[in-house]
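Each remark here refers to the structure printed beneath this line.
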Amino acid sequence: MLIINSVGVVVIALIIWWFWLYKPKEAELGENDLVITVENGTYSPSRIKVPAGEPVELKFIRKDESPCSETLLIPELQISDTLPLNKLKSIQLPALKSGEYAFHCQMQMYRGQLTVN
Amino acid sequence: MSTMKTESGSVSCHEDGAEMPPHDHHTHKAHHHSSGNNPSPQELIIEGAGCASCVGKIESALKAVPGVENAEMNFAQRTVSVTGNADAADLVKAVEKAGYNAKLAAAESEDDALAEKEKADQAYYKRLMKETWIALSLGGPLMAYALITGEVNVNTTTERIAWLIVGILTFGVLYFSGKHFFVGAWKSFLNHSANMDTLIALGTGTAWLYSMVVVFFPESVPEQARHVYFEATAIIIGLIDLGLALELKARGRTSEAIKRLIGLQAKTARVIRDEKELDIAIEQVLMDDVVRVRPGEKIPVDGEVTEGHTAIDESMLTGEPMPVEKAVGDTVAAGTINKTGSILFKATRVGKDTALAQIINMVKRAQNSKPPIGRLADVISAYFVPVVMIIAVTSALVWLNFGPDPAVAFAIVSATTVLIIACPCALGLATPMSVMVGVGKAAEAGVLIRNGEALQTASKISAMILDKTGTITLGAPKVTDILVAGEQDDNTILKLAATLESGSEHPLALAIVESAQERGIETGKVSNFNAIAGHGVQAEVDGKTLLFGNEKLMRERNIELGDFVEKAQGLAAEAKTPMYFAVDNKLSAIIAVADPIKEDSIAAIKRLQHNGIRVVMLTGDNRATAKAVAEKAGIKEFFAEVLPEDKSKKVQELQMEGEVVGMTGDGINDAPALAIANVGFAIGTGTDVAIESADITLMRGSLHGLADAIAVSKATLRNIKQNLFGAFIYNVAGVPVAAGILYPLLGVLMNPVIAGAAMAFSSLTVVTNANRLRLFKAQEH
């Protein structure tokens with residue numbers, strides 16, 4: 001029983017670490033065309049580094065048929081747009097101040113983050 | 001309103017006799033691919049190509065761009081189709097370098113995008129239904145068997161073999177019908193995120209794995225726990241697929257309003273270029289193109305009539321049922337229908353700049369924006385899935401430690417049920433679905449809501465300030481009385497007054513000039529014109545000094561008014577605006593002007609008051625006139641003699657009293673007051689709406705739009721609250737019951753199949769409830 005309980009506690013700890021504490025590395029919005037793929041319930045890459053103080057363009061391609069993935073919201077920037085299926089879609093971002101900006105679908109099941117600096 | 005940055009005609013090259021190149025009228029579907037190796041051509045629209053000889057220049061400029069295989073220009077359509085894999089931006093640059101303006105053809109028309117989306121949705125729906133069918137056709141009979149015989153235990157070898165076969169079949173179901181859950185769960189897991197897929201994959205995966213363990217190693221679990229849960233696995237997958245399919249259908253209905261707006265757009269336009277008429281796609285219509293529209297056709301882009309006259313049905317945009325007469329110089333709007341005559345008009349706004357395109361764009365954005373009430377749900381859904389996973393593990397541990405025999409079976413069932421029943425979707429969908437329907441519904445009633453925040457605040461408005469001129473009244477004042485003081489006749493007075501006012505842009509001045517025109521009086525020459533802000537005007541005509549303005553102005557100049565003060569008060573009491581007219585410092589006449597109240601203003605104001613809203617009128621007019629107009633309109637409170645720059649102060653005054661203030665004005669000179677109000681309403685007349693200036697724009701002139709806007713926001717907010725409450729209670733009650741909290745009290749534990757059904761239909765319920773809003777009807781009395 002002790003083993004089972006310990007396993008359970010470890011599993012809980014792992015859930016907390018994996019989903020909340022761990023920060024995966026960020027993709028950089030740089031020279032080579034970075035395209036964010038929307039597929040299987042995720043944005044990939046989901047964490048993107050963006051330079052501050054200049055307008056940039058984010059490119060998305062949605063391969064996920066689920067209607068949830070259709071809407072892209074960046075609430076802090078008042079951006080909301082629809083992503084067509086299997087078509088490249090560019091989202092223009094204004095020059096941003098340093099900080100973190102979340103982007104997500106309507107229901108926040110698809111989540112990503114822009115780190116601006 | 002934005003205008004196009006580029007202007008055609010910057011380059012001209014007229015070479016008479018130049019032959020038109022023999023390009024066919026290709027009908028390339030315009031595509032825009034800015035990266036990747038894509039063979040389909042990119043389409044550019046060229047501006048400034050005045051003659052056929054430009055074709056060669058543009059084509060060779062494009063061919064010189066690395067990556068371009070071929071460039072072919074259709075001169076008649078002013079489009080170039082470029083094959084190869086060059087970057088679109090480079091193409092545009094190359095054309096610009098050659099001396100022309102170029103822009104990418106719109107990726108595709110809204111119509112095409114919509115049709116494509118519907119096709120994709122249809123395909124997805126079919127696939128989901130097929131998956132549902134596969135899963136339920138295995139799960140259904142299995143469940144029936146389990147219910148009828150009560151035999152789902154694994155004891156004998158025969159049973160083991162039989163269940164092994166069922167287990168493999170169930171794996172087939174997981175593969176064919178549930179693969180997307182598992183792939184999605186795994187991909188998001190790798191991405192350190194968790195979503196609905198994660199919960200379903202974990203739940204059904206656990207149930208299936210446990211059952212397989214029972215089949216292969218029955219000895220490893222206590223005898224009473226040797227249950228298999230294959231039927232639950234298959235049915236849960238089937239039900240959730242079914243729920244997704246039905247939700248997809250219901251979601252389609254939430255966007256009906258926007259579909260209707262998009263459907264208003266014409267697909268083609270008949271333009272006249274080089275003295276030839278040609279039908280082109282509306283995306284290819286350029287600024288300044290001359291467009292022909294025949295009776296019964298839709299106006300393709302915004303423009304100004306240059307030839308002919310007609311009546312145009314603008315009801316789809318303004319809600320105004322009567323067709324509007326249009327003659328040379330009048331503006332026409334895309335999406336409206338030409339009724340009687342054939343006209344030519346010059347395109348002034350095309351593509352994304354037309355009023356209709358801007359309206360569509362605004363409604364779309366608003367539909368996707370979230371009112372503040374949804375923020376808590378957002379915070380919750382961000383942590384939801386991992387928390388549910390932790391609850392599932394904890395619940396399993398509690399059962400294993402403290403549960404009755406067979407503890408392991410209870411632990412598995414409770415963990416599975418918790419994972420399955422929890423539904424982040426319902427919570428996440430609650431707000432956006434209602435906003436989508438509510439904003440769309442408002443747009444149908446001619447009410448454009450900027451965003452979710454405006455929608456929410458509008459539902460709380462407690463006081464509404466109405467600007468008098470143009471909002472309550474028609475905004476088209478007319479001269480009603482001329483009371484002469486001396487010996488001159490009406491016409492002489494009017495001539496002098498009209499001459500004086502011909503230089504002024506004030507609406508009252510306009511009324512006087514118009515009145516003179518109606519009587520066929522010609523105006524003379526004016527000099528030393530001087531506007532005295534808030535008081536009146538002064539100028540010299542025929543060597544006489546004329547003064548025209550309010551009582552205060554006359555008193556300042558020490559002009560004797562005599563009994564005309566009472567006469568003026570009498571006029572004011574009739575809701576007319578009296579103005580004093582003095583020649584060489586001697587009172588000459590009173591000219592009264594009245595701006596009639598809009599027909600339905602009184603009813604609309606009553607509607608607002610009936611809903612408990614404090615209605616306040618605001619005007620720069622004198623107190624007596626303001627009082628008379630307010631009384632006529634049924635308004636008890638008013639601010640009179642307010643200077644334009646003080647309007648926003650009045651808004652603040654009411655806010656200080658604790659009111660949530662709505663401010664309604666025409667959106668042009670009321671901008672600061674509209675901005676400072678909790679919700680600013682711009683009232684438009686016709687299609688020339690000031691979309692950018694307000695939180696809510698009323699496309700037609702009627703004040704009923706205000707009551708409609710508030711009613712729609714209230715209904716939407718109520719709907720959101722129902723949804724949020726339902727979704728919240730569902731999860732808060734469902735998860736603990738699934739974990740077995742009722743077992744110690746009542747001895748019951750939820751069946752995972754029930755959890756699957758509940759989960760599948762919880763989000764469907766939210767969408768269906770949001771769809772109820774479609775039945776909302778603005779009540780106009």
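Computed from the coordinates by the stated procedures, all read-outs in this text should not be read as laboratory data. If you're wondering where the values come from, they're calculated on a predicted model, not measured in any experiment. Cβ atoms come from the backbone with ideal geometry, glycine included; neighbour counts cover every protein chain shown.
Before moving on, here are some points about what is shown:
- Per-residue ³J(HN,Hα) for segment B:583-600, Karplus 6.51 cos²θ - 1.76 cosθ + 1.60, θ = phi - 60°, Hz, x for Gly and Pro: 10, 6, 6, 10, 4, 10, 6, 10, 10, 10, 10, 10, 10, x, 6, 4, 3, 9
- If you wrap the Cα atoms of segment B:410-562 in a convex hull and average its projected area over all directions, you get 16.7 nm².
- Note on segment B:198-313: Cα-only Rg and Dmax are 31.3, 92 Å.
- Residue order, fewest to most beta carbons within 10 Å, for B:Tyr125, B:Tyr145, B:Tyr210: B:Tyr145, B:Tyr125, B:Tyr210
- Taken over the protein assembly as shown, the ratio of Cα radius of gyration to 2.2 N^0.38 Å equals 1.19.
- Placing one equal scatterer on every Cα of chain B and applying the Debye formula, the log10 ratio I(q)/I(0) at q = 0.08 Å⁻¹ is -0.89.
- Residues in segment B:350-360 carry Karplus couplings, in order, of 10, x, 6, 8, 5, 4, 4, 4, 5, 5, 4 Hz; the curve used is 6.51 cos²θ - 1.76 cosθ + 1.60 with θ = phi - 60°, and Gly or Pro positions show x.
- Nearby lysines by direct alpha-carbon distance to B:Lys495 (threshold 19 angstrom, same-chain neighbours under 8 apart not counted): B:Lys478, B:Lys525, B:Lys544, B:Lys586
- Under 5 Å between amide hydrogens, built in the peptide plane, is the criterion, and for B:Asp330 it picks out B:Val305 among residues at least 5 positions away or on other chains.
- Value at 222 nm in deg cm²/dmol, rounded to 500, when DSSP H runs of n ≥ 4 in the protein assembly as shown each add -39,500 (n - 2.57): -14500 deg cm²/dmol
- Remark: mean inter-chain Cβ contacts per residue of A:57-67 equal 3, using a 10 Å Cβ-Cβ cutoff to other protein chain atoms.
- Peptides A:11-17, B:721-727 ranked from most to least packed by the mean count of surrounding Cβ atoms within 10 Å: B:721-727, A:11-17.
- D (Stokes-Einstein, µm²/s), Kirkwood Cα radius, segment B:91-190, 1.002 mPa s at 20 °C: 115 µm²/s
- Counting neighbouring beta carbons within 10 Å and listing from fewest to most, the residues B:Phe581, B:Phe761 come out as B:Phe761, B:Phe581.
- The alpha carbon convex hull volume per residue for segment B:606-760 rounds to 178 Å³.
- For chain B, the share of DSSP beta bridges that are antiparallel, to the nearest 5, is 80%.
- Measuring against 23 Å, Cα to Cα, the residue pairs B:Lys126/B:Lys721; B:Lys352/B:Lys460; B:Lys460/B:Lys636 contain B:Lys126/B:Lys721; B:Lys352/B:Lys460 as the ones spanning a longer distance.
- Global geometry of segment B:601-681, whether rounded, prolate or oblate, following the gyration tensor of its Cα atoms and the 1.5 cut on a/c: oblate
- Each Cα pair of segment A:1-59 feeds into the Kirkwood radius, which the Stokes-Einstein equation turns, at 20 °C and 1.002 mPa s, into a diffusion coefficient of 148 µm²/s.
- Exposed loop positions in chain B were taken to be GluC sites (Glu not before Pro) whose DSSP state is not H, G, I, E or B and which have at most 12 other beta-carbon atoms within 10 angstrom. Between these positions, the longest stretch is B:276-486.
- Using only side-chain charges placed at the Cβ, +1 for Lys and Arg and -1 for Asp and Glu, the dipole size of segment A:53-117 relative to its Cα centre rounds to 140 debye.
- Couplings 3J(HN,Hα) for segment B:712-723, derived from phi with the Karplus relation 6.51 cos²θ - 1.76 cosθ + 1.60 (θ = phi - 60°), are 5, 5, 5, 4, 5, 4, 4, 4, 4, 5, 4, 4 Hz, where x marks Gly and Pro.
- Taking a ≥ b ≥ c as the square roots of the eigenvalues of the Cα gyration tensor, an a/c ratio of 1.5 or more together with a/b larger than b/c marks chain A as prolate.
- Proximal aspartates and glutamates to B:Lys650, defined as alpha-carbon separation beneath 14 angstrom and excluding residues fewer than eight positions away on the same chain: B:Asp467, B:Glu637, B:Glu641, B:Glu659, B:Asp670
- Near the amide H of A:Lys49, within less than 5 Å, lie the amide hydrogens of A:Ala27, A:Glu28, A:Leu29, A:Thr115, all on another chain or at least 5 residues away, with H placed in the peptide plane.
- Rounded to the nearest 10 degrees, the inclination of helix B:647-656 to the longest alpha-carbon principal axis of chain B is 50 degrees.
- Within the protein assembly as shown, percent of DSSP bridges classed antiparallel, to nearest 5: 75 percent
- Largest first, the three principal axis extents of the alpha carbons in segment B:191-259 are 61, 29, 15 Å in whole numbers.
- Classified by the C-alpha gyration tensor, segment B:321-472 has a prolate form. Its axis ratio a/c, with a ≥ b ≥ c, is 1.5 or above, and a/b is larger than b/c.
- Look at B:Val712, B:Val291 and count the other Cβ atoms within 10 Å of each Cβ; fewest to most, that gives B:Val291, B:Val712.
- For the cross-link pairs B:Lys468/B:Lys606; A:Lys89/B:Lys117; B:Lys468/B:Lys649; B:Lys606/B:Lys647; B:Lys119/B:Lys187, the ones whose C-alpha atoms lie over 20 Å apart are B:Lys606/B:Lys647; B:Lys119/B:Lys187.
- Computed on the Cα trace of segment B:562-628, the radius of gyration divided by the Kirkwood hydrodynamic radius gives Rg/Rh = 1.14.
- Helix B:88-97 vs. chain B, principal-axis angle (Cα, 0 to 90°, nearest 10): 30 degrees
- Segment B:439-491: radius of gyration and largest Cα-Cα distance (Dmax), Å: 21.2, 63
- Taking Cα atoms only, the orientation of helix B:196-216 departs from the longest principal axis of chain B by about 10 degrees.
- Within straight-line reach of B:Lys346, meaning a Cα separation under 12 Å, sit the following aspartates and glutamates at least 8 residues removed in sequence or on another chain: B:Asp288, B:Asp289, B:Asp302, B:Glu304, B:Glu307, B:Asp330.
- The fraction of Cα-Cα pairs per 5 angstrom bin, counted from 0 for segment B:525-600, comes to 3, 16, 25, 22, 16, 10, 5, 2, 1, 0 percent, rounded to whole percents.
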